[in-house]
Amino acid sequence: MNVVDVEPYEDSVARGAWSASCWLQEGYTVSHRLATESVASAAGPLTGHMHAEDFTDFQVPFGTSVFAFFGVLILLLAAHELYTAASKKPLLADHERSNNFRIQFMFLIIWFGFFVNSSLIVPLSLDYAIAMGQSATASGVFLGCGTTLSVVGLIVGKSLNSETNWNQAFARKTYICFNSLSIALNLSLAFLTQASVHWSLPARQQFFWWSQLLLGSVFGAAALPTISWNTLWNKITPPQEKTFWMIMAQCCRNGGFLLGPPLFAAISWAVRRGRDVSPISLMAWSFMALAGWSLLSLMYASLTFPLKINPLPETPAEVHEKKSAQALEVSPEQLPPADREKIVWLMIYYAFERPFSVASIEVATIMLLEVSYGWTAEFCGTAFMVIATSSLALTACSTFMLSSKLMTESMVFFAASLSGLFGVFLLFGNSGPGSLLLADAIVYGGASVANGIGEGWACRAATPGTSYSIEAFRVRNIMGVNISRFLAPIAARFIVDFGGRNIYALLQLVLCTLGTLTVYKTVSLVWQGTCCAEEALDAKLSLNTEDAICKDASDPK
């Protein structure tokens, strides 16, 4: 009897547990199916065959050597900051001669770091987005979303310091603190991404979007002191050197864009070691590598960033007139205020046009090589070394022509912009990956020179205390770059996925045409100013000659 009474009770419990497990299993199956269907509906013709299930979930965890590396660097950074607080001078800083190679090299490292942070994750971004249950267009959002909060950081950071009421010690403090915060957020992102490898597909889909907020915070914290250190650069760099150093800065930006993919290839080789590793785990390692680079960069800045600076000596008016007579063309700082303001605003517009073109070329090239031509992510990264070499060679030739006075800055500026426009025509058709890489090399090389000269001119034309000061220019300029970097990956990958290579090439043609027109308007102001200066000089010489003749005629001898 007891046995008979117990059996129905056990059967009911078993049936209840079985029914609950069925309900949970059914709920998981439905959510997984809905997630898969949403990804399939968002995929374009080019990536419709790629699914999250195609990738392995094999994970490579962070080792003790990684923790030791960060621990040692953090201790060294803290020790040096304590030493600086006691001695009132960083180890490598030069408080007597503010403009020196070490601090200019620091600025170049900062520019390189900004752009390598974006480009290193480009080769893996498509596989990572698919593995997280997203589409190719979502991978473009992933690449550009970090720049959104960086714009907020720029706007907030503008009020941290002022060019007219400059506090050098505070500028150094804000740079160290906010970049330390950025590194801490980057490490958090790396650990969370590594943990998400074995999560369910719906959970990974949600984390993909939440991670954008964390990635944006990384960029936003790093962007807070950007206006301050750009103002410092403008205060310590002589006007005649600004164009050269801005060309070098543009080389470092493009170098960051171009060397990011090869650096990812090296990271992937070191992590994989012949194994098939999850793209999510590889992305976590990429975030960890970026945090390591940022910490090394911060270490050098801590050693070099001065606590005080000496203002540049003012050049006498006679020297300005002598230089104007000897120069091949007038410099932007010698133009009338109205023309100087026009140059600043034209270069702000240019910051929206050319970075959009450059950023979209990079992400679209990676996608075309990987999906259309079957290249691996690592091989795509290595191929960008060819583009980097060609770009640096073109920049070196342009710098040589400027230093040897073979061409004026305006002619090199316009020629570099035209070369980028002509290079876009190689994107049309379907002549294989060779024409694609050649077009990238021409556009990148032209962008390095054109952007460098353009920003150098804008910095020289900027005037303190006006609406076109260096602070106003830098805020709008970097906002333009960041907005373009946000929109370009999304637009480029969407157009390539749904429209193909030729529609994408048409977009590039429109962008490069607009950029070339902006450059022409800018150099026209300098050409017009040069003509006016030559006419004024001729009139002055003629007047001096007439005075000499009259003096000779009135001489009794």
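Listed by first and then second residue, the pairs linking a residue in segment 385-410 that is over 27 Å from ALA266 (Cα atoms) to a residue that is of a type in the set (D, E, K, R) and assigned to a helix (DSSP H, G or I), with Cβ atoms under 8 Å apart and 6 or more places separating them unless they lie on different chains, are LEU402/GLU409.
Every residue, every condition in (1) surrounded by 18 or more Cβ atoms within 10 Å (Cβ to Cβ); (2) touching a Lys or Arg at 6+ places or on another chain (Cβ under 9 Å), yes or no:
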residue: TRP166; (1), (2): no, yes
residue: CYS177; (1), (2): no, no
residue: LEU187; (1), (2): yes, no
residue: ALA190; (1), (2): yes, no
residue: THR193; (1), (2): yes, no
residue: TRP209; (1), (2): no, no
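Could you go through segment 170-180 and let me know if any residue there is at pLDDT 90 or above, more than 26 Å from SER469 (Cα to Cα), of a type in the set (Ser, Thr, Tyr) and part of a helix (DSSP H, G or I). The answer is yes; a qualifying residue exists. Restricting ALA78, ALA138, ALA86 to those that are over 28 Å from ALA301 (Cβ atoms) and among the hydrophobic types (A, V, I, L, M, F, W, C) reduces the list to ALA138.
Is it the case that VAL66 is aliphatic (A, V, I, L, M) and either modelled with pLDDT of 60 or more or crowded, with 16+ Cβ neighbours inside 10 Å (or both)? Answer is yes for this residue.
Whether any residue in segment 219-230 is at pLDDT below 85, in a helix (DSSP H, G or I) and aromatic (Phe, Trp, Tyr) is what I want to check. No, the conditions are met nowhere in segment 219-230. Count of segment 81-115 residues, restricted to those that are within 25 Å of the chain's Cα centre (by Cα) and outside any helix (DSSP H, G or I), is 2.
Scanning segment 204-223 for residues that are in contact with a Ser or Thr (Cβ under 9 Å, 6 or more places away or on another chain), farther than 19 Å from ALA351 by Cα and of a type in the set (A, V, I, L, M) yields LEU214, VAL218, ALA221, ALA222.
Going through (1) at pLDDT 85 or above; (2) in contact with a Ser or Thr (Cβ under 8 Å, 6 or more places away or on another chain); (3) buried (at least 19 other Cβ atoms within 10 Å of the Cβ) one by one, GLN250 falls short only on (1).
Name the single residue that is nearest to the chain's Cα centre (by Cα) among those in segment 417-433 being in contact (Cβ under 8 Å) with a residue 12 or more places away in the chain and assigned to a loop (DSSP other than H, G, I, E, B). Looking at residues that are in contact (Cβ under 8 Å) with a residue 12 or more places away in the chain and assigned to a loop (DSSP other than H, G, I, E, B), I get PHE428.
Restrict the check to segment 347-362 and report whether at least one residue is modelled with pLDDT of 90 or more and aliphatic (A, V, I, L, M).
Yes, because at least one residue in segment 347-362 is modelled with pLDDT of 90 or more and aliphatic (A, V, I, L, M).
Report whether or not VAL151 is in contact with a Pro (Cβ under 9 Å, 6 or more places away or on another chain) and β-branched (Val, Ile, Thr). Against the criterion (in contact with a Pro (Cβ under 9 Å, 6 or more places away or on another chain) and β-branched (Val, Ile, Thr)), VAL151 does not qualify. Considering the conditions (1) surrounded by 23 or more Cβ atoms within 10 Å (Cβ to Cβ); (2) at pLDDT 85 or above; (3) in contact with a Ser or Thr (Cβ under 9 Å, 6 or more places away or on another chain), ALA447 is excluded by exactly one of them, (2). Could you tell me whether any residue of segment 236-245 is outside any helix (DSSP H, G or I) and more than 24 Å from the chain's Cα centre (by Cα)? For segment 236-245, residues outside any helix (DSSP H, G or I) and more than 24 Å from the chain's Cα centre (by Cα): present. When segment 83-107 is limited to residues that are of a type in the set (A, V, I, L, M) and over 17 Å from PRO238 (Cβ atoms), the one that is surrounded by the most Cβ atoms within 10 Å (Cβ to Cβ) turns out to be ALA93.
Of everything in segment 314-343, what is surrounded by 11 or more Cβ atoms within 10 Å (Cβ to Cβ) and either among the hydroxyl-bearing types (Ser, Thr, Tyr) or modelled with pLDDT under 55 (or both)? Give them in sequence order. Answer for segment 314-343, where residues must be surrounded by 11 or more Cβ atoms within 10 Å (Cβ to Cβ) and either among the hydroxyl-bearing types (Ser, Thr, Tyr) or modelled with pLDDT under 55 (or both): THR315, HIS320, GLU321, LYS322, LYS323, SER324, ALA325, ALA327, SER331.
Conditions tested, residue by residue: (1) in contact (Cβ under 8 Å) with a residue 40 or more places away in the chain; (2) of a type in the set (D, E, K, R); (3) touching a helix residue (DSSP H, G or I) at 6+ places or on another chain (Cβ under 6 Å); (4) closer than 30 Å to ILE247 by Cα.
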site: VAL66; (1), (2), (3), (4): yes, no, no, no
site: PHE101; (1), (2), (3), (4): no, no, no, yes
site: ALA131; (1), (2), (3), (4): yes, no, yes, no
site: THR137; (1), (2), (3), (4): yes, no, yes, no
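The values are calculated or read from the model by the stated rules, or taken from the named source; none is laboratory data. If you're wondering where the values come from, they're calculated on a predicted model, not measured in any experiment. Cβ atoms come from the backbone with ideal geometry, glycine included; neighbour counts cover every protein chain shown.
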